[in-house]
Amino acid sequence: MGLIRNIFMTELLMGLKIVFMQMFKPTITLQYPHVKHPIPDGYRGLMSLLRYEDGTERCVGCSLCEAACPSNCIKVVSDEVPGQPLVRYAREYYLDITRCIFCGFCTEACPVDALAMTKVYEAAVYDRRDLMFDKAKLYELGERYLEDGKAYLTHHRMDDGTLHPVEGLGDNRYHFPAVDAEHGGVQPEQIGLTAEALEVEETTR
Amino acid sequence: MSTATTKVDTITVTINGQTIQVPKGTRIIQAAEMLGIEIPTFCYQPRMRPNAACRICTVEVTKPMNKMFMACATEMMDGMEVLTDSERTLKDRQTNLDLLLTQHPLDCPVCDKGGECKLQDYSVKYGSFENPFETKRKDFPEDIRSVALDFNSNRCILCGGCIQVCGDIQQVDAIGFSKRGFITVVGAPMGEALDCEFCGQCMDVCPVGAITSRFAKYKFRPWQEEKTQTTCTYCGCGCQYDLRTVDGEASRVTPIEGVGPGQGSLCVRGHFGYHFMEDDRRITRPLVRRGDKLVETTWEEAVSEAARGLAGAKAAGAGRVAGIAGGRLTNEEQYLFGRLVRDVLGSSNLDSSLRYGAINGVTVTREALGVTGMMNSFDEVRAADAVLLIGCDITQEAPILGLAVKEAIHKGEKPVLVADSMKTEIMKRGAGRLVYTPGTEIAVIKGLVKAVVDEGLIDEQVAKKYPKAVQALRSELSGTYKEIETPTGLKKDDIVALAKRFAAASKGIILAGPRVTGGLKGKSAMTMLVDLAFLTGGLTTPGAGVNAITMENNELGLALNGMAPELVPGGGSWDDAEARGKVATAWNCSLPNHQGDTMMEMFDAMREGRISAAIVAGTDPVGRLPQDAGAAEALGALDCLVVSDLFLSETAKRAHVVFPARSYAEKDGTVTNMEGRVQTITSCMKAPGKAASDWKIVSDIAREMGHPLEYANPGEIRAEAAALVPQFADTDVTNAARGGVSTEALEAWLAGGFGTGMGERYDLPAKLNEASGHEMRLYVGELLFHSGSMSTYNWGLMKINDAASLQLNSREARKLKIKEGDRVRLTGDRGSCVVTAKPDPNIMPGTLFFPRHSVLDDVRNLVQVVEGSEEEGSVPQFRFTRVTMEKVSGVAEAEASA
């Protein structure tokens, strides 16, 4: 038997059988980069920062993404918005894509859904320095791939579905108590205490 | 009987099955802490009485009764059994947290406390994530009207810790609860903007983010910060704190509970004065003089030019070089600076900022009592029976020692006796008060000593043990009170009453301020205070004593390093040949034969050309002393002036070579506080540009001069210095702990220095409050917010207080129709200037006060300097002067004169 198998090279023919079978099947090779695979929602591509519809930056500079990042590739420098005391924002935001492991922990940590991952996976550049994303670059990505970001947040159900509906981007903007330079401190009217009630309080004292 | 009492003193208690013996009166939370069991609490502060407001510390007591108790407020009973992790305890804890979270907003991501918030931590640890209660959150606008502290009432859990620390520890009662019920808020009374001392302690004790710093707002996250324990370098208290940095930039300062002289308290300078290190005005590169200008150069060129200049003067003759150092240098840097001047440059002309007054306090206590620095520790001040403050605005000049004094009064209802030339803050709490004419401290002290002698207030044991010394004082003080009453404006009865109150206390502590040591005849005044302490038993009773406070951070280091012509390293006297020989042996050199010039003598010698080169480090004599002292002309006449400083000070502007120095946050080393504690400072920030530690600068110059002083780090210098200065060997040991005053030292003094010169000591200077053409007395002194020029480089402190305005008696101002903000002209013998007036009820009529931190202001230059005699420590008197004040009428004239 062994001799016959050697003479007729049956193993070779068995292998070629698969080759010949495949020759008559339709091809599935994509002509990348001319043709691309459809990317599912929730794909973890390049990071982006999002804005609210009125154009304000979502990021409040809380640095929770920085704390959550396992590869320490995020750096947030927070500050007060110039001219708007008490409003917090990220003065600078750096994301080192060369170190990013695309785990998405940062987007999960974000309390205001400012971070979302796009479907962009073609991150190759000629200069590695271009992979040090700064705030401007991240917001630019967010603007360009807004739909990706929305889809990402919806897919991963970043909000638990109780605070606001999952469809679309939730509006969990932070509320900064207004600054009243004139009075400050107590503003009883703000919590529903009427002027009459206050009067009573003052006369009884 | 004795066994019974010991039984009462300790009790046996059981917590979570662990049994422990604790002293009677221990609270549950303290006993748990001893066992290492954590009980959550928001309002409990170890230094304060229990508040029992937050209720989170409830624990289950199973024996002797079965009940829930507040762990922070319940004193334990013998045989008590407590469970801190029982089901019932945990349930109560959870309910408490749930109730707090019905109101507390969940804005942690934008709250500065997020990450170190107790409510956050406890919620994670003990809370439930399903709050059964209806939430009702507040939406008050955040109060940011105060310059340093922001109040967010929405986050407040009303634990009252801030109010307690403000009332009990700081004792200013600047904040309190206002309104009732749901709308209760914490803030300044009447809903006004907070305007207080801005010590920031309320912010430190706040368990949530209700009180936050305006200067650090949103600029940090606790987990991004690096903590470095270091020593505050603003005043002589030397508090310990954590300087926190984010990426090498200072983010804030936090106190360390129970550590250092302050025990966890900080003042406004310590808390908010951390910006000067990053100021743009810092010198970053060495500068050399080219014609009229200072130009940047390389380090090597600057070193070689400095070395050439100093070597040239050294070669021209002995003693043609002078050195002046400041209290801003660390112990190691001072030691090496002294060695450079005395060993490498071979000159005995070495002086320091001790000459501004502190030298008198230091030499008197050392000569008389053998103690360099304070006799008592801050803890002894806290436990004192009575504190006598003379010429010492303690809450401004040494705020944390001021807190110790406040604690002494508060705890035991003990008297604080204050003699000062204006109504200081501590005087308002004073049981006895003397308000005297500025500049007459010596007469007041003489009056007090006289009262003690005349009224038979002398300590019995002292009278019995040292009858000769007492008799000598008695005969010296046989004069009338007239010579005291006339210049000081005090009445005999008031002086006697104060003396009586002080003598009645068994542990009486005397604190003398810079107006005593730096006033007219400062050394005599200080010696008279030692006499006073001696007569009232202060030198023989433990816990009592006499102390001079120092103003600059490391002034005591200057004394220990012998940075004055009359001192040698180790704090010994220059006249002491043995001490000098020890130094010469250690340095393997021959020290110059004669005693060198003091600072004022140096200035004369510089003007006359006898000194042609000088090196100045860490101080600014031109900016510190009035024009009348002639520092500017003297230093300007030099062939070579080498200065190392952080900023281009007035002295540095006149230099030939300027080296950029490092701030305390950028260098390592040790500093000595006024109670003699040697404490470490640790570098945690990057020095700007080429800035180097002063010891490096000195070392480089010495190497260039062919006399290498090489060290790898400050630790090596300290090891070398410790051979001469034994105090440097150990850190965090106070003078009191080192043994304080020995009987031998006291007896040696009584046999020697006490008797000799007693006649001169008790002779009041003729110039005291003499009549002159100018009727107002101007005093230039310290403010709480600024201790010198360095603090003015902090934008934070400048925001809190940048006003350099003339304070005058408000009633007098009304009479002269001067309102706040009006411009007034001051005319003295040394010129005139126009300043802004600020009426103040605490200033006495006929008196004016001007803060000294504004180095550029002309007021300082109005002061006529009275040079002190050699017996009086050669301390120039430059704090008082007499001026005429008139209102500048019309805007045009004010502008023209400005």
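The values are calculated or read from the model by the stated rules, or taken from the named source; none is laboratory data. Keep in mind that this is a model prediction, so the values were computed, not measured. As a convention, Cβ positions derive from the backbone with ideal geometry for all residues, glycine included, and neighbour counts pool all protein chains shown. For the accessible areas, the whole protein counts, side chains as well, though only heavy atoms, and no ligand, DNA or RNA atoms are used. Shrake-Rupley method; radii C 1.70, N 1.55, O 1.52, S 1.80 Å.
Does the stretch B:152-172 contain at least one residue that is farther than 20 Å from B:Pro50 by Cβ, open to solvent by 20 Å² or more (accessible area, probe 1.4 Å), of a type in the set (Asp, Glu) and more than 14 Å from chain A (Cβ to nearest Cβ)?
no
Could you please tell me which pairs satisfy a Cβ distance under 7 Å, a separation of 6+ or placement on different chains, a first residue in the stretch B:50-66 that is under 22 Å from B:Lys125 (Cα atoms), and a second residue that is part of a strand (DSSP E or B) and open to solvent by 70 Å² or more (accessible area, probe 1.4 Å)?
So the pair list comes out as B:Val61/B:Lys67.
Write out, first by first residue and then by second, each pair whose Cβ atoms fall under 7 Å of each other, whose residues are 6+ apart or on separate chains, and whose first residue, in the stretch B:464-486, is farther than 15 Å from B:Leu764 by Cβ while the second is open to solvent by 20 Å² or more (accessible area, probe 1.4 Å).
B:Tyr466/B:Leu750; B:Ala469/B:Leu750; B:Val470/B:Ile458; B:Val470/B:Ala463; B:Ala472/B:Gly755
On the given criteria, is B:Gly357 open to solvent by 10 Å² or more (accessible area, probe 1.4 Å), of a type outside the set (A, V, I, L, M, F, W, C) and either on the phi > 0 side of the Ramachandran plot or modelled with pLDDT of 90 or more (or both)?
When the stated conditions are applied, B:Gly357 does not pass them.
Can B:Arg281 be described as open to solvent by 40 Å² or more (accessible area, probe 1.4 Å) and touching a residue at least 24 places away in the same chain (Cβ under 8 Å)?
yes
Can you find a residue in the stretch B:246-263 that is part of a helix (DSSP H, G or I) and either among the small types (Gly, Ala, Ser) or farther than 30 Å from B:Cys166 by Cα (or both)?
Checked the stretch B:246-263: no residue is part of a helix (DSSP H, G or I) and either among the small types (Gly, Ala, Ser) or farther than 30 Å from B:Cys166 by Cα (or both).
Step by step: first the residues of the stretch B:98-112, then only those that are within 12 Å of chain A (Cβ to nearest Cβ) and part of a loop (DSSP other than H, G, I, E, B), then the one that is surrounded by the most Cβ atoms within 10 Å (Cβ to Cβ). Which residue is that?
Filtering the stretch B:98-112 for residues that are within 12 Å of chain A (Cβ to nearest Cβ) and part of a loop (DSSP other than H, G, I, E, B), the one surrounded by the most Cβ atoms within 10 Å (Cβ to Cβ) comes out as B:Asp112.
Of the residues in the stretch B:155-192, how many are free of Cβ contacts under 8 Å to residues at least 40 places away in the same chain and in a helix (DSSP H, G or I)?
The number of residues fulfilling the criteria is 7.
Confirm whether B:Gly391 is under 30 Å from B:Ala751 (Cα atoms) and surrounded by 24 or more Cβ atoms within 10 Å (Cβ to Cβ).
yes
Could you check the stretch B:235-259 and list, in sequence order, the residues that are touching a helix residue (DSSP H, G or I) at 6+ places or on another chain (Cβ under 7 Å) and free of Cβ contacts under 8 Å to residues at least 60 places away in the same chain?
Residues satisfying the conditions are B:Tyr241, B:Val246, B:Val253, B:Thr254, B:Pro255.
In the stretch A:107-120, which residues are in a helix (DSSP H, G or I) and open to solvent by 10 Å² or more (accessible area, probe 1.4 Å)?
The answer is A:Glu108, A:Ala109.
Just one of B:Arg860, B:Arg761 is closer than 20 Å to B:Val622 by Cβ, crowded, with 16+ Cβ neighbours inside 10 Å and either of a type in the set (D, E, K, R) or modelled with pLDDT under 85 (or both); which is it?
Only one candidate passes the filter, namely B:Arg860.
Would you check if there is a residue in the stretch B:784-797 being free of Cβ contacts under 8 Å to residues at least 60 places away in the same chain and either out of contact with any Cys (no Cβ under 9 Å at 6 or more places or on another chain) or buried (at least 16 other Cβ atoms within 10 Å of the Cβ) (or both)?
So far as the stretch B:784-797 goes, no, none of its residues is free of Cβ contacts under 8 Å to residues at least 60 places away in the same chain and either out of contact with any Cys (no Cβ under 9 Å at 6 or more places or on another chain) or buried (at least 16 other Cβ atoms within 10 Å of the Cβ) (or both).
Give B:Gly176, B:Gly181 a once-over and let me know the one that is surrounded by fewer than 22 Cβ atoms within 10 Å (Cβ to Cβ), over 29 Å from the mean Cα position of the chain (by Cα) and within 14 Å of another protein chain (Cβ to nearest Cβ).
Sole residue among the options that is surrounded by fewer than 22 Cβ atoms within 10 Å (Cβ to Cβ), over 29 Å from the mean Cα position of the chain (by Cα) and within 14 Å of another protein chain (Cβ to nearest Cβ): B:Gly181.
If I ask for residues that are out of contact with any helix residue (DSSP H, G or I) (no Cβ under 6 Å at 6 or more places or on another chain) and either outside the structural domain of B:Tyr335 (by TED's automatic domain parsing) or open to solvent by 30 Å² or more (accessible area, probe 1.4 Å) (or both), which ones from the stretch B:689-707 would you list?
Passing the criteria: B:Gly689, B:Lys696, B:Arg703, B:Gly706.
Please go through the stretch B:114-150 and give me each residue that is without any contact (Cβ under 8 Å) to a residue 40 or more places away in the chain, part of a loop (DSSP other than H, G, I, E, B), within 14 Å of another protein chain (Cβ to nearest Cβ) and open to solvent by less than 80 Å² (accessible area, probe 1.4 Å), ordered by number.
If the condition is that a residue be without any contact (Cβ under 8 Å) to a residue 40 or more places away in the chain, part of a loop (DSSP other than H, G, I, E, B), within 14 Å of another protein chain (Cβ to nearest Cβ) and open to solvent by less than 80 Å² (accessible area, probe 1.4 Å), then B:Asn131, B:Thr135, B:Asp139, B:Pro141 are the ones that fit.
What are the residues in the stretch B:188-209 that are within 14 Å of another protein chain (Cβ to nearest Cβ) and open to solvent by 10 Å² or more (accessible area, probe 1.4 Å), if any?
B:Ala188, B:Pro189, B:Met190, B:Gly191, B:Glu192, B:Ala193, B:Leu194, B:Asp195 - these are the residues of the stretch B:188-209 that are within 14 Å of another protein chain (Cβ to nearest Cβ) and open to solvent by 10 Å² or more (accessible area, probe 1.4 Å).
Are any residues in the stretch A:36-80 facing chain B (nearest Cβ under 9 Å) and closer than 20 Å to A:Glu140 by Cβ, and if so, which ones?
Listed by number, the residues that qualify are A:Val60, A:Gly61, A:Lys75, A:Val76, A:Val77.
Under 22 Å from A:Val87 (Cα atoms), open to solvent by 20 Å² or more (accessible area, probe 1.4 Å) and either in a loop (DSSP other than H, G, I, E, B) or in contact with a strand residue (DSSP E or B) (Cβ under 9 Å, 6 or more places away or on another chain) (or both): is that true of B:Lys227 in this structure?
When the stated conditions are applied, B:Lys227 does not pass them.
Looking at the stretch B:521-550, which of its residues are assigned to a loop (DSSP other than H, G, I, E, B), in contact with a helix residue (DSSP H, G or I) (Cβ under 6 Å, 6 or more places away or on another chain) and buried (at least 24 other Cβ atoms within 10 Å of the Cβ)?
Across the stretch B:521-550, the qualifying residues are B:Lys521, B:Thr536, B:Leu539, B:Thr550.
Hey, can you tell me all the residues within the stretch B:20-36 that are surrounded by fewer than 18 Cβ atoms within 10 Å (Cβ to Cβ) and in a loop (DSSP other than H, G, I, E, B)?
Of everything in the stretch B:20-36, those that are surrounded by fewer than 18 Cβ atoms within 10 Å (Cβ to Cβ) and in a loop (DSSP other than H, G, I, E, B) turn out to be B:Lys24, B:Gly25, B:Gly36.
Tell me the residue from B:Arg777, B:Arg703 that is of a type in the set (Lys, Arg) and either part of a helix (DSSP H, G or I) or touching a His at 6+ places or on another chain (Cβ under 7 Å) (or both), please.
B:Arg703 is the lone residue from the list that is of a type in the set (Lys, Arg) and either part of a helix (DSSP H, G or I) or touching a His at 6+ places or on another chain (Cβ under 7 Å) (or both).
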